[in-house]
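Notes follow the structure.
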Amino acid sequence: MQPVHQVLSALAQPAETKLVLVVLDGLGGLPAAELNGLTELEAAHTPNLDQLARRSSLGLIDPVLPGVTPGSSAGHLALFGYEPLEWVIGRGILEALGTGFNPGPGDVAVRGNFATVKYENGTPVVVDRRAGRPTTAHTARACARLQESIPRIGDVEVIVLPVKEHRFAVIFRGPGLDERVADTDPQKEGKTPLPPQALCEAASKTAAVAAEFVSRAAEVLKDEPGTNYVLLRGFSSKPDLPPLGDLYHLKAAAIAVYPMYRGLAALAGMDILSFPGERIADELAALKANWESYDYFFIHIKATDSRGEDGNARGKVAVLEEFDRYLPQLLDLKPDVLVITGDHSTPASLKSHSWHPVPLLLHSPWVLPDSDASGFNERACQRGSLGHLRAVNVMGLMLAHGRRLAKFSA
């Protein structure tokens, strides 16, 4: 069977319609005790979203497959129409691209977390995987220290780039490197960081270089009160992803604050729009300013996921309510197709990504509206007319509702 993006590409045709995809990162939730048994979406006061839901079609999506907890890259690639089971892309290359750095052939990029560890009998134990979410300025200073202290490891050049808050990227550049190395992040506090294990013989050199980098970084950072260790995730090289614009006859742009999501959009061939500020209002101002120049917009809202990972259900509610207040500004632009969804669920009760399906709202003049919906929330979407589908099918729905797909077969 042909991949979805190839089927859609064969049918895609130009049209004078505007498509907008809003990704509220980690949107889906679960009933929370502190919210009286409601999910974050159910507890949030979102009159604009609720009204829009009753003029739209609702459903649920699985970012990858039922029961599979997706990473952010898999969830977003699926929404862009790329089969996530075919395109498995490590987070490191996305973080690097998001900073504006363009890794070359043979480079291996890795996403790093500054973390806090304590030492028990000389062995590091993770106290905080995100080092208390330090400021980006603090991370930039820590990266500068690492860059000055570790410019090379043997014949491999080391490039350290600050990203945002606790996140950074490191690029290893040299002969004989391979991306197939396991993460060092144990994913839970109270655990010992893992060794960077080679997953094949060809990656032995990369694993050894990464182990040396971690060891030397710990020495450089040992006097830091919080950011005294580094955890590495997503060893990856740059893949050859077919550009979204070429596939679907779209002029596409991305509006995102976090570098990783700008990197993912750049990998898909979107133009990355620059704008001052980091608020939802700033992102929507960028949308308005560039409205006439593009026909597909990807807008990424990160804080829903951050609050979920912090276990802050009320904080996630507040972000949803903030987005709702600005939704009328988006609707005033009159997009022909508007999708509001998430790349995965991040229930505050779990403090992590989860396998739960994600709410989906599709609005266009051609929908069968779920006019009796209680609003935009998990239970209403569970009963919605779109049913339960894979996220990779969302792009086809957007193109169809934008009158951008020809008829299939005779």
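The values are calculated or read from the model by the stated rules, or taken from the named source; none is laboratory data. All values reported here derive from a predicted model rather than from experimental measurement. Note that we place each Cβ from the backbone using ideal geometry, even for glycine, and neighbour counts take in every protein chain shown.
The residues on offer are Glu278, Glu292, and the sole one that is surrounded by fewer than 20 Cβ atoms within 10 Å (Cβ to Cβ) and modelled with pLDDT under 95 is Glu278.
Glu157 meets all of the listed conditions (1) in a strand (DSSP E or B); (2) in contact (Cβ under 8 Å) with a residue 24 or more places away in the chain but one, namely (2).
Note on region 188-212: residues that are among the polar types (S, T, N, Q), in a helix (DSSP H, G or I) and either surrounded by fewer than 21 Cβ atoms within 10 Å (Cβ to Cβ) or in contact with a Ser or Thr (Cβ under 9 Å, 6 or more places away or on another chain) (or both) total 1.
A count restricted to region 56-94 and to residues that are of a type in the set (A, V, I, L, M, F, W, C), outside any strand (DSSP E or B) and within 25 Å of Leu19 (Cβ to Cβ) stands at 10.
To keep it simple, each residue is scored yes or no on (1) closer than 25 Å to Ala44 by Cα; (2) among the aromatic types (Phe, Trp, Tyr); (3) in the same structural domain as Ala43 (by TED's automatic domain parsing); (4) loosely packed, with under 15 Cβ neighbours inside 10 Å.
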{"residue": "Ser349", "(1), (2), (3), (4)": "yes, no, yes, no"}
{"residue": "His353", "(1), (2), (3), (4)": "yes, no, yes, no"}
{"residue": "Pro359", "(1), (2), (3), (4)": "yes, no, yes, no"}
{"residue": "Trp366", "(1), (2), (3), (4)": "no, yes, yes, yes"}
{"residue": "Phe376", "(1), (2), (3), (4)": "yes, yes, yes, no"}
{"residue": "Arg383", "(1), (2), (3), (4)": "yes, no, yes, yes"}
{"residue": "Leu397", "(1), (2), (3), (4)": "no, no, yes, no"}
{"residue": "Ala410", "(1), (2), (3), (4)": "no, no, no, yes"}
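Of these, Ser352, Ser306, which one is of a type in the set (Ser, Thr, Tyr), in a helix (DSSP H, G or I) and within 21 Å of the chain's Cα centre (by Cα)? Selected residue: Ser306, the only one of Ser352, Ser306 that is of a type in the set (Ser, Thr, Tyr), in a helix (DSSP H, G or I) and within 21 Å of the chain's Cα centre (by Cα).
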